[in-house]
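Peer 1: Pasting a structure here, questions to come.
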Amino acid sequence: MSTTDPTTAPVRPTATAPPASRLGPLAWARRNLFSSVWNAVLTVLVAPLLAATAYFLLRFVFVTGRWDVVIVNLTNLMIGVFPRSELWRLWLASALLVLVVGLALGNAVAAARILATERGTFAAPGAWQTLRRLAPPLTLLLIIVVFVRTPTPLLLLVGVIVLGLAAYRVGLRIAVRHRRVVQLGVLLGVLAAQLAVTSFGGVSRTAWGGLLLNLYFTVGALALSFPLGILVALGRRSSLPVVRGSCLVYIEFFRGAPLVILLFAGWLVLPFFLPPQFPTPNVITRVLTILVLFTSAYVAEIVRGGLQGVPRGQWEAAQALGLSPWRQTRLVILPQALRSVIPALVGQAISIFKDTTLVIAVAGMTEVLGVAQTLTQQAAFRAQGYILETLSFVSLIFWVGCYWMSRESQRLEARLGVGTR
Amino acid sequence: MTTTAKAAPRRTPLWRDIRIIRVGLQVAFLIAVAALLVWLFDNLTVNLRGLGIRRDFRFLDQPAGFRIPGSDIAAQSPIRDLLAVGFRNTIRVAVPGIIAATLLGIVVGVARLSTNWLVRRTAGMYVEVLRNVPPLVLLVFTYLAVLQRLPTVDNSIVVAPLVVLNNRGIYLPQPQLEGNVVAFLAAIAIAAAVAVVAGIARTRRFDATGRPHRRVPIGIGIVVVLAGVAWLALGRPLTFGLPVLEGRVVRGGWRTTNEYGSVFVALVLYTSAFIAEIVRGSIQAVPKGQSEAAQALGLGGLQRLRFVVLPQALRIATPSMGNEFLNLTKNVSLGIFVAYPELLRIGRQAIGNGAPAPQALLIVLLGYLLLSVVLSVLTNLGNRRLQLVER
């Protein structure tokens, strides 16, 4: 969206920002709130409205809100009907995930720093900056910690966080040339985490619930739809009309259909499409299949945008090097295309995360919104309007997650300079 | 003749000929896709036969066996009629929803660029709060935590004389036509025609003399005056039925159920946040020089927006807006979670009453796809009209 003025484009932003103008509060108010009659009227109209909203919100959070329903049911909201005797498996899986993700993140940051140092744009992030970036998830963590009333989960939580930080530190020190190994480690770690929960006498995914289910569907759908989406995007750009047409139909169908209907179809109709002698896939697999098919259509459109942004000269140069078409795509085109669409992919991640609430359409799926609705039927909380508190808590979880991701994607967009290069 | 000329040029072998490879690849792809589809369809047939489920669409003619709240259609009516009601209910949210979300989105989007710090920040918060919450959470919140928790009938909130609110629904004034309806409608049509003619005449005069045409206020004035005269002359054919709270019942007025109200409100709020972002981005994408040039011409703030910035921004915004309209329409299917009788909900109930799931869901899907297609065709038409004709 942003446009660049050609006369200023070559000038690099310098480290020294212009001095911040110092305005007294009165002068500031005159400039920003009462600069004209119209603005003064608006200010006078909006200010009381805003104040009233803030008052009621704060009163709800600190005075009238009966948060005992969340405190008592925090575990239910987080993992639903997951058997409590197998909780250690989840902690083990979290530890594994935090370990590999920490390593990979540290390694990626190390690579980015080397690149930035070469360009001379490296600036070590200050503590304040890091804190600001991590503010949303830290706030959520703080809120959850406030609701926790037993010491064990707190200790385990601290342990997992410390492990993650340690892994990040180690990741920073792993040589960047080993990044393929680290990436493979992430894949293995994720698989190991799932196996740790489901296998070896573990808990079938059909017994998962709460926020765990939302996160599982988000990560699973995104990870699996990524390769499929790239394939479809390449097919959509193919020079073969039949392939192009088929991919177009696939994309348009899944983008035109409401996800809820597709989920119903996945639940009720999908098993009919398999041979009778096949075992019916469990309901989680069916929902995940639908989410992957649905998401990959959107991923394909995003990747297609990236592919279109790669200049023709890149194809021609790759051809001139004598690369095969497959290697042209893999080594030259895709890295550039994917780099430029990272922000849009984060946007898609936000969208899937929000869409995972729709799986309550399928019977037996108790993701976090479903849990929040059933809590008001517990004997202690029935018919007392506790829905306001439970839904507020769920909204907060989603809000923080989505807001954080969208802020990070805006940051990435600015960093990658999409549209300004 | 020399030997070199005689040697035939070496022909590319068939399997290295790019044309052959292209055709071969496409045929192979086509066969693979066709085989997959045939396999899936074959499995479907075998499975349905094994379960004794019919494979035709005759269930559409069978009596539904359930009723639709808010509609007087009988439970014995064929399923197809109920599905039609569901389709209409989907449109009843989608069309007014699109209009409301667009208006709200434009207001918020413009407010995000206000020179007033407070207004700017408030609009920013509105957008950030609403677009980062799942629409379903917003919907359930509006339904369970707001509308269903409104006071009971005896304690209704009354904004006399226009609105009555309670946990049974929202009651709004209802326009009622009675008496000389045809004559009255004809009078309005004539008034509109007169207004259009006057507008054209004013525009011509503006083109010739450059004096302000003021065609919009003049046109509205003509319609209001003529329609008002007709209304009085014809014995008040149009009245507004106002909702009145009488003890434990609300009489008169137009009742919107909480199901409709929550779907409408939630989707409008959610979509308006996205539209606001599109509007903001499009306005910022209009080069600053345009606004400055308009200022140099002596146009005021609102005039700059109305005549210079918004028309250009609209052009940039149309494709993304069309996308949001589509999203809103698709999201009407979330109505099933609050039992709003839209198409999917009716289809789901039909399945619960014995209709075969594959066919019923297919019809629901086709209904929504039809809406999507119609909407995207309309947006594309609008887009084509708005785009610059480059010479």
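The values are calculated or read from the model by the stated rules, or taken from the named source; none is laboratory data. Please read these numbers as outputs of a predicted model, since none were measured by experiment. Glycine gets a Cβ as well: all are built from the backbone with ideal geometry, and neighbour counts include every protein chain shown.
Peer 1: Just to verify a result, which residue in the range B:249-264, among those that are among the small types (Gly, Ala, Ser) and under 23 Å from B:Ile98 (Cβ atoms), is surrounded by the fewest Cβ atoms within 10 Å (Cβ to Cβ)?
Peer 2: B:Gly261
Peer 1: Residues in the range B:352-383 that are surrounded by fewer than 20 Cβ atoms within 10 Å (Cβ to Cβ), within 17 Å of B:Ala84 (Cβ to Cβ) and without any contact (Cβ under 8 Å) to a residue 60 or more places away in the chain: how many?
Peer 2: 5
Peer 1: How many of the residues making up the range B:287-341 are among the polar types (S, T, N, Q), more than 21 Å from B:Ala100 (Cα to Cα) and modelled with pLDDT of 85 or more?
Peer 2: So the count comes out to 4.
Peer 1: Now for a different question. Consider the range A:224-246. How many of its residues are in contact (Cβ under 8 Å) with a residue 12 or more places away in the chain and within 10 Å of chain B (Cβ to nearest Cβ)?
Peer 2: Count: 1.
Peer 1: Scan the range B:175-186 residue by residue and report those that are surrounded by 12 or more Cβ atoms within 10 Å (Cβ to Cβ) and part of a loop (DSSP other than H, G, I, E, B).
Peer 2: Correct list: B:Gly179, B:Asn180.
Peer 1: Looking at B:Val265, B:Val338, B:Val308 in this structure, which one is more than 12 Å from chain A (Cβ to nearest Cβ) and touching a residue at least 60 places away in the same chain (Cβ under 8 Å)?
Peer 2: Residue meeting the stated conditions: B:Val265.
Peer 1: Report yes if some residue within the range B:204-214 is modelled with pLDDT of 80 or more and surrounded by 18 or more Cβ atoms within 10 Å (Cβ to Cβ); otherwise report no.
Peer 2: Taking every residue of the range B:204-214 in turn, none turns out to be modelled with pLDDT of 80 or more and surrounded by 18 or more Cβ atoms within 10 Å (Cβ to Cβ).
Peer 1: Give me the residue from the range B:45-98 that is in a loop (DSSP other than H, G, I, E, B), small (Gly, Ala, Ser) and surrounded by 13 or more Cβ atoms within 10 Å (Cβ to Cβ) and, out of that set, farthest from the other protein chains (Cβ to nearest Cβ). Lay out the reasoning, then the answer.
Peer 2: Taking the range B:45-98 as the starting set, the residues that turn out to be in a loop (DSSP other than H, G, I, E, B) are B:52-57, B:62, B:64-77.
After this cut, where a residue has to be small (Gly, Ala, Ser) as well, the list is B:52, B:64-65, B:70-71, B:74-75, B:77.
Among the residues that remain, those that are also surrounded by 13 or more Cβ atoms within 10 Å (Cβ to Cβ) are: B:64-65, B:70-71, B:77.
Working: B:Ala64: 18, B:Gly65: 19, B:Gly70: 21, B:Ser71: 21, B:Ser77: 23 Å.
The qualifying residue farthest from the other protein chains (Cβ to nearest Cβ) is B:Ser77.
Peer 1: Given the criteria farther than 30 Å from B:Val338 by Cβ, touching a residue at least 12 places away in the same chain (Cβ under 8 Å) and over 32 Å from the mean Cα position of the chain (by Cα), does B:Thr239 qualify?
Peer 2: no
Peer 1: Could you list, in sequence order, all residues of the range B:221-239 that are in contact with a Leu (Cβ under 9 Å, 6 or more places away or on another chain) and modelled with pLDDT under 80?
Peer 2: B:Pro237, B:Leu238, B:Thr239
Peer 1: From the list A:Arg339, A:Arg304, A:Arg327, pick out the single residue that is at pLDDT below 85, over 22 Å from B:Val133 (Cα atoms) and in a helix (DSSP H, G or I).
Peer 2: A:Arg339
Peer 1: For the range A:21-45, which positions are of a type outside the set (A, V, I, L, M), within 21 Å of B:Gly300 (Cβ to Cβ) and not in a helix (DSSP H, G or I)?
Peer 2: A:Phe34, A:Ser35, A:Ser36
Peer 1: Can you tell me which residue in the range B:112-140 is farthest from the other protein chains (Cβ to nearest Cβ), limited to those that are without any contact (Cβ under 8 Å) to a residue 60 or more places away in the chain and small (Gly, Ala, Ser)?
Peer 2: That would be B:Gly124.
Peer 1: Would you mention how many residues in the range B:145-174 are in contact (Cβ under 8 Å) with a residue 60 or more places away in the chain, aliphatic (A, V, I, L, M) and assigned to a helix (DSSP H, G or I)?
Peer 2: The qualifying residues number 3.
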